[in-house]
1. For A:ARG161, which of the numbered conditions (1) open to solvent by 40 Å² or more (accessible area, probe 1.4 Å); (2) closer than 16 Å to A:THR295 by Cα fails to hold?
2. Which one is farthest from A:ALA56 (Cα to Cα) among residues in the stretch A:80-110 that are open to solvent by 10 Å² or more (accessible area, probe 1.4 Å) and of a type in the set (S, T, N, Q)?
3. Considering B:LYS116, B:LYS77, which residue is at pLDDT 95 or above and within 14 Å of another protein chain (Cβ to nearest Cβ)?
4. Scan B:HIS173, B:HIS219, B:HIS224 and give me the residue that is touching a Gly at 6+ places or on another chain (Cβ under 7 Å) and in the same structural domain as B:PHE127 (by TED's automatic domain parsing).
5. Looking at the stretch B:11-24, can you tell me whether even one residue there is away from every other protein chain (no Cβ under 14 Å) and part of a strand (DSSP E or B)?
6. Give the residue, chosen from B:ARG179, B:ARG152, that is loosely packed, with under 12 Cβ neighbours inside 10 Å and either on the phi > 0 side of the Ramachandran plot or not in a strand (DSSP E or B) (or both).
7. If you go through the stretch A:100-116 one residue at a time, do you hit one that is within 14 Å of chain B (Cβ to nearest Cβ), in contact with a strand residue (DSSP E or B) (Cβ under 7 Å, 6 or more places away or on another chain), at pLDDT 90 or above and part of a strand (DSSP E or B)?
8. Which one is surrounded by the most Cβ atoms within 10 Å (Cβ to Cβ) among residues in the stretch A:229-257 that are of a type in the set (S, T, N, Q) and without any contact (Cβ under 8 Å) to a residue 60 or more places away in the chain?
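The values are calculated or read from the model by the stated rules, or taken from the named source; none is laboratory data. Just so we're clear, the structure is a prediction, and the values are computed from it rather than from any experiment. Methodologically, a virtual Cβ is constructed for each residue, glycine included, from the backbone with ideal geometry; neighbour enumeration extends over all protein chains shown. With ligands, DNA and RNA removed, areas are computed over all heavy atoms of the protein, side chains included. Shrake-Rupley method; radii C 1.70, N 1.55, O 1.52, S 1.80 Å.
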Amino acid sequence: MTMAILEQIAEHYQLDHAEWKEENKVISTNLGDKQVRFWAEEQLLNWHIEWRDEVALGMNVATDRMLRTANQNPWIASGTTYITLHDHVTTTVPCAGYEENWGQLIGGLLQTGIKLHDKYKEIAVKNDYSFKKCLERLRKYKEEGASFESVKKCLLEADKRQKRALELTETFRGIPLPLLDRLDGRKGKEIFNLFFYEGGTARPELGYRSLRIFLIKWLNNSSPYSLKKLLTCINDHFSLETEHGFLLLAEILAPIELYECLDRLQESELSEMMTILRNFEQDWERNRVLLHHYTDWLDEKRRKVAL
Amino acid sequence: MSFPNEVQNYGPILFQYDLYPERIEAVGKVKKVITKRGTFALKETKMNEEERRWFTHVIQRLSEIGYHRMVPLYPTKYGDYTVQYGNNVYYLMPWFSGTPRTSLSREDDLIGEIAKIHVLTLKEQDFSPEVVEQSYHYLMNRWEGRQLEMERFAEEAERKLYMSPFELTYLSHFHEMMRMAEEAKQRLGEWYNTCQSEKRYRSVLCNGKVSRNHVLFSHHGEVHLLNFEKAVLDTPVRDLAIFFRKAVHSPTWKIEDGMRYFGIYQARLPLLDEEKSLLVSYLSFPEPLFHSVDMYLNNRGRFTQLEMVHRLERRISALKRITELCGFILMPPPPPENEANPNEQTNQNPI
């Protein structure tokens, strides 16, 4: 089967030589190593082709776009499966020092995510977070006699944050949210001094959740200075001084870490609970730091406009 | 000339073609890229998004309609025909370094290929009196404005006690220039009147940057055209005017050459009477001379008086060649052989 796929790939992409380097993942060819991906759903495949092409257009960042066959097709069909071929780049890049590249990429992803919103919103993963559900869960734990001090301590602040987040989303109701491929700092790579981003294969995510998680990790791996530089670079390509900056703020304000913690607690054994709560405390603190620096950055931008 | 650093500089672009250069050489405006997979020409240019799309469309369209004598573009591994990197746009072509298979001159080949493209893309436009009127008035106003500027320059020069050599040369040909400008305006008027009365206007795909330097030969010696970056839909006269304006600058130019080039074109796509008027109009207007005056006024420090005078004199002599050529273009075609002797024809008429 895998040999047949290999032959099919070699024929359609006109490769003189192709052999598996990692079965069903990476092939070694006369044109260098290439990644092989399999897709079951056409609409999902189209989303992944389109955002990669759009983001790479006119930008100095490359995405792992689908290589074209000899007939200029971005995929080949093998039964009910679609196969795509991509560049395989292995040199990863850190966050700090690459703010401009990441900023350009994320700006491009956000622009594209809004442009393609209507076309692919049906296949997107929607945000199922609800603070109401969160409180219900907490009430249930209370009734069962469980009392999580670290969670209780955060409730007041979580409530405030939730209300502010709701106000913002209400103010900007009707503004289309971007569809984003899950952002991942480990997927930033480099080849020939060219910043290269390796996309995923999952469904697009609606909204700024993916960016929020990415920014928390960024801050954790670099510094507030680097985070603000990144935000400025994103802003150069996709304005965060508009409603979208506030929608990102709403996402950062929403106490999702609390919801996720309660969600995990529900399914966990007693032995795991301590770890989950410790992680929650850490996540809560990290998000607070992000919120502080993001609002600080927004204020700086506003002050500059006022001056 | 080889630049080791250039291999690195062009890496991000060549990566999109899966090319790993062994050597890159600068040859004119292109880079010769030598790789294990062959030798390629990489062109660096400036285009905005719309121009890129149009350029790609032109190349694909020409191929679709059966014109295969342009140097082909290679798509990237992602299927794009151009690559944007930084502020520049790049495209990759095969490296052509063959020699011509025939003994024709580059100009003969060039005009023949331009004519082929015009024939393949010729389109009788839906006649719009407004469009023709707008074009006429735009050009007429522009030319009159330019004439006024040049008259002012002549007046200022005349008022000087000691004229510069450039001014002296300019003044000694001033009346001839003005006569040519008037001739150009008159022919433009003829074009306009005929268009309005005949209610017709033809457009073709113009190369827009016709140059003998854009003629290359494949390994089999077949002529190919390079550079369609400025291609545009317009009257065929646009390309012809550019072609002849450049051709008359050749040091070996003879009127017979011009007649032959025009003949090659006419054999494929005979110009309509109003198009001939427009061609003569474009060619007659002494813009190259006026441009020399602009250069004289704006770049005084960059060129010496002698250089400026030489430049002006070269253009004056080119304009004289143009005048001669225009006379030929406007000559009525010889009557067909069976009309050569009207008496004979009458005799043949059974009535």
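1. Of the numbered conditions (1) open to solvent by 40 Å² or more (accessible area, probe 1.4 Å); (2) closer than 16 Å to A:THR295 by Cα, the odd one out for A:ARG161 is (1).
2. Filtering the stretch A:80-110 for residues that are open to solvent by 10 Å² or more (accessible area, probe 1.4 Å) and of a type in the set (S, T, N, Q), the one farthest from A:ALA56 (Cα to Cα) comes out as A:THR80.
3. So the residue among B:LYS116, B:LYS77 that is at pLDDT 95 or above and within 14 Å of another protein chain (Cβ to nearest Cβ) is B:LYS77.
4. B:HIS219
5. Checked against the condition, which is being away from every other protein chain (no Cβ under 14 Å) and part of a strand (DSSP E or B), the stretch B:11-24 yields at least one hit.
6. B:ARG152
7. Scanning the stretch A:100-116 turns up no residue that is within 14 Å of chain B (Cβ to nearest Cβ), in contact with a strand residue (DSSP E or B) (Cβ under 7 Å, 6 or more places away or on another chain), at pLDDT 90 or above and part of a strand (DSSP E or B).
8. A:SER239
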